[in-house]
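Visitor: Got a structure for you, questions after.
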Amino acid sequence: MDCCMNGVYQPFLFLCLLAFAIFPLQAGEVPLCSGENRLLALVDRPSEALSACIVPARSLLIESGYTYQQTTPNGFSHNVPQMEWRFGLGHHTEIDILPPAYNWQSTPRQVGYGVVTVGAKRIAYYDDHQLVTLQAAISPPSGGNNFGGRKNGCMVNGIYNYSFDSGFGIAAQVGFASFVTQPVDGNQRYLSMNPLILAGWPLQDKMNMYVEAYAQSRTAPNQGWGVNADAGLVFLVAKNMTVDVVYNQRLHGALNSLERSFGGGLVIGFF
């Protein structure tokens, strides 16, 4: 059954988000998320994978970016500013707010704002090499007719991260989502399982590289699997600032209507 259908399970999802913030967890610094260059581990962008690390208590991360996308079967689009505000609540918990992004699409010619998303992320387990984090988010009716939504969407994700002594790391993420098509496409709802795998490593102390592949079991109400891959670089230009670049390529299906894309972004931390 759809976790957001008719609003029946929406209060339950919000209670889950609230429980993230109040359920106790062992205190202490998380080894994989600490150190002089910790911002490299904290940032979500530019990967599709969410960081398993949590923003420290009473801290704020502001993430932003731009993407130029070549769409299938032809055409292109621009997406900006891809904002994400991440607030650290303490107890290894954060609240995330993603304001609507502006989209300009050539074929068919459409412009407008996407949906707003509110979520929470909480560490469930950690040790010197491993990190397990849970995340849940809801997208209420918001945005424009071309890229927004008129029904609630929601998702839950489990994130696992393992880091070797060399700095090489692997991450796996599995999510389940209830998506809704844009109003112009009829507000149709569909469910999807969303697996992802990522490998990352440091090129130097202040530069990380990653490659990842990610998929959705349904990319539209009448479409099946879609698989994309991307690779990116993240540079720590200051203790509280990163810049990034990313290249994304379609492998199978029509996930995000993508053929290929290029993007970049900026993250600023207030600790």
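The values are calculated or read from the model by the stated rules, or taken from the named source; none is laboratory data. Bear in mind the structure is a predicted one, so any value in this text is a computation, not a measurement. Because the Cβ atoms are built from the backbone with ideal geometry, glycine has one as well, and the counts that use them run over all protein chains shown.
Visitor: Can you confirm whether region 90-105 contains a residue that is under 24 Å from Tyr160 (Cβ atoms), of a type outside the set (Val, Ile, Thr), assigned to a strand (DSSP E or B) and at pLDDT below 95?
Guide: yes
Visitor: Of all residues in region 247-271, which are among the hydroxyl-bearing types (Ser, Thr, Tyr), within 17 Å of the chain's Cα centre (by Cα) and surrounded by fewer than 20 Cβ atoms within 10 Å (Cβ to Cβ)?
Guide: Tyr247 - this is the single residue of region 247-271 that is among the hydroxyl-bearing types (Ser, Thr, Tyr), within 17 Å of the chain's Cα centre (by Cα) and surrounded by fewer than 20 Cβ atoms within 10 Å (Cβ to Cβ).
Visitor: Could you identify the single residue in Phe147, Phe235 that is among the aromatic types (Phe, Trp, Tyr) and outside any strand (DSSP E or B)?
Guide: Among Phe147, Phe235, only Phe147 is among the aromatic types (Phe, Trp, Tyr) and outside any strand (DSSP E or B).
Visitor: Determine which member of the set Asn187, Asn208, Asn248 is modelled with pLDDT of 95 or more and farther than 20 Å from Asn157 by Cβ.
Guide: Asn208
Visitor: Kindly provide the set of residues from region 162-179 that are in contact with a Phe, Trp or Tyr (Cβ under 8 Å, 6 or more places away or on another chain) and hydrophobic (A, V, I, L, M, F, W, C), ordered by number.
Guide: Phe168, Ile170, Ala171, Ala172, Phe179
Visitor: Could you go through region 133-141 and let me know if any residue there is surrounded by 15 or more Cβ atoms within 10 Å (Cβ to Cβ), β-branched (Val, Ile, Thr), at pLDDT 95 or above and closer than 21 Å to Asp244 by Cβ.
Guide: Looking through region 133-141, at least one residue is surrounded by 15 or more Cβ atoms within 10 Å (Cβ to Cβ), β-branched (Val, Ile, Thr), at pLDDT 95 or above and closer than 21 Å to Asp244 by Cβ.
Visitor: Now for a separate question. Take Ala52 and tell me if it is touching a residue at least 40 places away in the same chain (Cβ under 8 Å) and within 18 Å of the chain's Cα centre (by Cα).
Guide: Spelling it out, Ala52 is indeed touching a residue at least 40 places away in the same chain (Cβ under 8 Å) and within 18 Å of the chain's Cα centre (by Cα).
Visitor: Follow-up. Please work out which one of (1) outside any loop (DSSP other than H, G, I, E, B); (2) out of contact with any Pro (no Cβ under 7 Å at 6 or more places or on another chain); (3) surrounded by 16 or more Cβ atoms within 10 Å (Cβ to Cβ); (4) not hydrophobic (A, V, I, L, M, F, W, C) is the condition Tyr68 fails and give its number.
Guide: Only one criterion is unmet by Tyr68, namely (3).
Visitor: Failed condition for Asn187, given (1) within 18 Å of the chain's Cα centre (by Cα); (2) under 30 Å from Arg150 (Cα atoms), with all others met?
Guide: With respect to (1) within 18 Å of the chain's Cα centre (by Cα); (2) under 30 Å from Arg150 (Cα atoms), Asn187 is out only on (1).
Visitor: Could you list, in sequence order, all residues of region 76-89 that are touching a Phe, Trp or Tyr at 6+ places or on another chain (Cβ under 9 Å) and assigned to a loop (DSSP other than H, G, I, E, B)?
Guide: Once the filter is applied, which keeps residues that are touching a Phe, Trp or Tyr at 6+ places or on another chain (Cβ under 9 Å) and assigned to a loop (DSSP other than H, G, I, E, B), region 76-89 yields Pro81, Gln82.
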